[in-house]
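Following: one structure in structure tokens, then a few remarks.
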Amino acid sequence: MQLFGLSYSKVKFMRNSLVRIPFARYYSHTDNIVLGIETSCDDTGCAIINNNGCILGETLLSQNVTHLRYGGVNPLIARDLHRDNIELAVKGTLNKAQLSMKDIDAIAVTVKPGLLFSLQIGVKFAMHLSKIHNKPIIPIHHMEAHALAARICHNIDFPFLALLISGGHCLLTLVRGVDDFLLLGETLDNAPGEVLDKVARRMKLRNIPEYSQVSGGRAVELAAQKSINRDLFEFPVPLNKIRDCNFSFSGLKEAFLRHLFNKESEHYIQGDEIIPEVNDLCAGFQMAIAKHLVHRTERAVQFCEKNNYLPKTTKSIVVSGGVACNNFFFECLQSLQSIGCNVFRPPHTLCTDNGIMIAWNGIEKLKTGYIHTSFDLNEVDPVAPLGIDIKDKVIDANIHVKSTRLKNFL
Ligand code: KG4
Ligand code: ZN
């Protein structure tokens, strides 16, 4: 398969099933090939990608099913599985690409943020490859990679707004360049994926066979689709009166647990039994999260407009991270088209953690003239913030967002 030099091509790329993604927005005569390694949480990801955005090989060894059994990601088990899988993932990816390490120009690896022990496995392996094959390392910030992933398959120019929603994060950032991020807001407590996973567990959704192998967030989305009474449960929209771009999900989680407890008592639910209103409860909860996401994102757009941070003509919003796979959230966010925004998201397989986005970030950095300096294990940082923090500037702007759009979702 000839892949180099193709622009706007369709490339088959391997995962468990064959997926087709339109690629390649750039054509460059300086072909770089980057190998990307991702081990920040519970997925061992590896990919090889070239300047044109063509995926030459990819492997994703997910630990999801193992951690589901433990009721959440267990850091020590995650580390051990990464250790077992990392070499397999890299070798498998080189094989799929029919390349060897001598064909690779640089190794991009997630160094922050994430689980310390998980990050260390990927970084140590990258350092080992770097040493024996004499290849430079490009350290990657996991959240920056999520934000830029949409540029693999959509024409999105800088600057753009990114809403990153996952199991570990929730933030709004203005992306001005490959290395230039302004942080507008972030969660004050939990991440949406974390809360969705928790409520799915508490509702025992895993006992329903069709949800037993999917993430908690996906299970809630599927159950909500079956709701016949979406208004049965009321949830407050978090931080409704606070004029910033921060998020909060802990109050929603508490409200959810109260509703569930009341229904379980009402129906004398015991053991593995599930409340009959489970679908309606999922729908109400999902709706409250959607309203919260749209509300904060709309304020971020207005803040950027006020400060001329986004072009007047085309305002792009990228939604990425595992929770962005939720079609209901994405549809609700698309309501921001009415204020002149184009809302993009990467394909589902690029929203969740993967090696492709890491390799792509390496390519993007090389294109901006990234210069390799020495690298050591101390660069691993589990809690690294993203970009320059301008949350206070958002608060000072004191922007009021009308809630009419939020009422019109149903
Ligand atoms: O980005 P990701 O793969 O890993 C982190 O960096 O956290 O995101 C995983 C999260 C999990 O909490 C999972 O429940 C959530 O993404 N998720 C979803 C959906 N698919 C995955 N949440 C809502 N709806 C979905 N369809
Ligand atoms: Zn992630």
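The values are calculated or read from the model by the stated rules, or taken from the named source; none is laboratory data. This one's a predicted model, so the numbers in the text were calculated from it and none came from an experiment. Backbone-built Cβ (ideal geometry, glycine too); neighbour counts: all protein chains shown. Just so you know, the surface numbers come from the protein's heavy atoms only, side chains and all, with ligands and any DNA or RNA stripped out. Shrake-Rupley method; radii C 1.70, N 1.55, O 1.52, S 1.80 Å.
Take the range 344-363 and flag every residue that is more than 16 Å from ligand 1 (Cβ to nearest atom) and among the β-branched types (Val, Ile, Thr).
The one that is more than 16 Å from ligand 1 (Cβ to nearest atom) and among the β-branched types (Val, Ile, Thr): Ile363.
If you take the residues in the range 298-328 that are more than 16 Å from ligand 1 (Cβ to nearest atom) and among the hydroxyl-bearing types (Ser, Thr, Tyr), which one is least open to solvent (accessible area, probe 1.4 Å)?
Among those that are more than 16 Å from ligand 1 (Cβ to nearest atom) and among the hydroxyl-bearing types (Ser, Thr, Tyr), it is Ser316.
Which one of these is aliphatic (A, V, I, L, M), farther than 22 Å from His169 by Cβ and in contact (Cβ under 8 Å) with a residue 40 or more places away in the chain: Leu94, Leu68?
So the residue among Leu94, Leu68 that is aliphatic (A, V, I, L, M), farther than 22 Å from His169 by Cβ and in contact (Cβ under 8 Å) with a residue 40 or more places away in the chain is Leu94.
So which residues in the range 331-367 are without any contact (Cβ under 8 Å) to a residue 40 or more places away in the chain, assigned to a helix (DSSP H, G or I) and either under 13 Å from Ala162 (Cα atoms) or open to solvent by less than 10 Å² (accessible area, probe 1.4 Å) (or both), if there are any at all?
If the condition is that a residue be without any contact (Cβ under 8 Å) to a residue 40 or more places away in the chain, assigned to a helix (DSSP H, G or I) and either under 13 Å from Ala162 (Cα atoms) or open to solvent by less than 10 Å² (accessible area, probe 1.4 Å) (or both), then no residue fits.
Looking at the structure I just gave you, is Ala145 in a helix (DSSP H, G or I), of a type outside the set (Val, Ile, Thr), more than 13 Å from ligand 1 (Cβ to nearest atom) and open to solvent by less than 60 Å² (accessible area, probe 1.4 Å)?
no
Hey, can you tell me all the residues within the range 166-197 that are under 20 Å from Asn342 (Cβ atoms) and either within 8 Å of ligand 1 (Cβ to nearest atom) or small (Gly, Ala, Ser) (or both)?
Scanning the range 166-197 gives a single hit, Gly177.
Taking interchain pairs and intrachain pairs at least six residues apart, which have beta carbon atoms under 6 angstrom, with the first residue in the range 210-237 and of a type in the set (A, V, I, L, M, F, W, C) and the second away from ligand 1 (no atom under 16 Å from the Cβ) and open to solvent by 20 Å² or more (accessible area, probe 1.4 Å)?
Phe233/His259
Output the residues belonging to the range 148-176 that are part of a helix (DSSP H, G or I) and within 16 Å of ligand 2 (Cβ to nearest atom).
Result: Leu148, Ala149, Ala150, Ile152.
Tell me, which residue of the range 205-234 that is more than 11 Å from Cys282 (Cβ to Cβ) and of a type in the set (Val, Ile, Thr) is nearest to ligand 2 (Cβ to nearest atom)?
The selected residue is Val214.
Of the residues Ala288, Ala283, Ala300, which is out of contact with any His (no Cβ under 6 Å at 6 or more places or on another chain), farther than 20 Å from Gly321 by Cβ and among the hydrophobic types (A, V, I, L, M, F, W, C)?
Going through Ala288, Ala283, Ala300 in turn, just one is out of contact with any His (no Cβ under 6 Å at 6 or more places or on another chain), farther than 20 Å from Gly321 by Cβ and among the hydrophobic types (A, V, I, L, M, F, W, C): Ala283.
Kindly provide the set of residues from the range 109-142 that are in a helix (DSSP H, G or I) and of a type in the set (S, T, N, Q), ordered by number.
Ser118, Gln120, Ser130
Just checking, does the range 75-84 include any residue being open to solvent by 10 Å² or more (accessible area, probe 1.4 Å), touching a Phe, Trp or Tyr at 6+ places or on another chain (Cβ under 8 Å) and among the hydrophobic types (A, V, I, L, M, F, W, C)?
Scanning the range 75-84 turns up at least one residue that is open to solvent by 10 Å² or more (accessible area, probe 1.4 Å), touching a Phe, Trp or Tyr at 6+ places or on another chain (Cβ under 8 Å) and among the hydrophobic types (A, V, I, L, M, F, W, C).
In the range 65-74, which residues are surrounded by fewer than 14 Cβ atoms within 10 Å (Cβ to Cβ) and in a helix (DSSP H, G or I)?
Passing the criteria: Val65, Arg69, Tyr70.
So is Ala283 within 16 Å of ligand 1 (Cβ to nearest atom), in contact with a Lys or Arg (Cβ under 6 Å, 6 or more places away or on another chain) and within 21 Å of Arg151 (Cβ to Cβ) or not?
Taking the combined requirement at face value, the residue does not satisfy it.
Taking only the range 184-204 into account, find how many residues are over 30 Å from Lys306 (Cα atoms) and more than 16 Å from ligand 2 (Cβ to nearest atom).
Count: 7.
Looking at the range 31-52, which of the residues that are away from ligand 2 (no atom under 13 Å from the Cβ) and not in a strand (DSSP E or B) is farthest from Ala145 (Cα to Cα)?
Asp31
Which residues, counting only those in the range 93-139, are open to solvent by 10 Å² or more (accessible area, probe 1.4 Å) and hydroxyl-bearing (Ser, Thr, Tyr)?
Those that are open to solvent by 10 Å² or more (accessible area, probe 1.4 Å) and hydroxyl-bearing (Ser, Thr, Tyr): Ser100, Ser130.
Looking at the range 149-165, which of its residues are of a type in the set (A, V, I, L, M) and either within 12 Å of ligand 1 (Cβ to nearest atom) or surrounded by fewer than 24 Cβ atoms within 10 Å (Cβ to Cβ) (or both)?
Hits for the range 149-165 are Ala149, Ile156, Leu164, Ile165.
For the range 310-325, which positions are closer than 23 Å to Glu221 by Cβ and either more than 11 Å from the chain's Cα centre (by Cα) or assigned to a helix (DSSP H, G or I) (or both)?
Ile317, Gly322, Val323, Ala324, Cys325, listed by residue number.
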